[in-house]
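Everything on this sheet refers to the single structure shown next.
The values are calculated or read from the model by the stated rules, or taken from the named source; none is laboratory data. Not measured: the values here are computed from a predicted model. Cβ: placed from backbone, ideal geometry, glycine included. Neighbour counts: every protein chain shown.
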Amino acid sequence: MNGVGLLKCICDETRFEILELLQKNKELCVNDFVEKLEKDQPLVSHHLKTLKKCGIVKSRDEGKKAMYAVSNNQLSELIANVVKTSKKISVLCSGDNCC
């Protein structure tokens, strides 16, 4: 996948929230996302399927549950950097100077 494809895949609010949660928790199941995001299970499952198809997350079975995690360390670092940068930009881009 090229850079544009990667950005298109993560450039959705719910998918990015899922990735932020995975940064903090390393591994979660669908019910964890539903509870933390306060979103419907079919919606969460759809976004997890999209992230998995893009190769950004991976899953493993644990009994009847599927556990999800970021697929590799480089992607995990990229997500962490995007989160940090977005927080810095919102501080810099406040008041009348906002884009």
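Annotations for the structure displayed:
- Which numbered condition Leu7 fails, given (1) modelled with pLDDT under 95; (2) hydrophobic (A, V, I, L, M, F, W, C); (3) surrounded by 16 or more Cβ atoms within 10 Å (Cβ to Cβ): (3)
- Sole residue being within 18 Å of Met1 (Cβ to Cβ), assigned to a helix (DSSP H, G or I) and among the charged types (D, E, K, R), chosen from Lys36, Lys49: Lys49
- Unique match (being part of a helix (DSSP H, G or I) and modelled with pLDDT of 90 or more) among Val82, Val91, Val44: Val44
Rundown of residues vs (1) under 11 Å from the mean Cα position of the chain (by Cα); (2) exposed (fewer than 11 other Cβ atoms within 10 Å of the Cβ); (3) not polar (S, T, N, Q), yes/no style:
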| position | (1), (2), (3) |
| --- | --- |
| Lys49 | no, no, yes |
| Cys54 | no, no, yes |
| Val57 | yes, no, yes |
| Glu62 | no, yes, yes |
| Lys65 | no, no, yes |
| Val70 | yes, no, yes |
| Leu75 | yes, no, yes |
| Ala80 | yes, no, yes |
| Val83 | yes, no, yes |
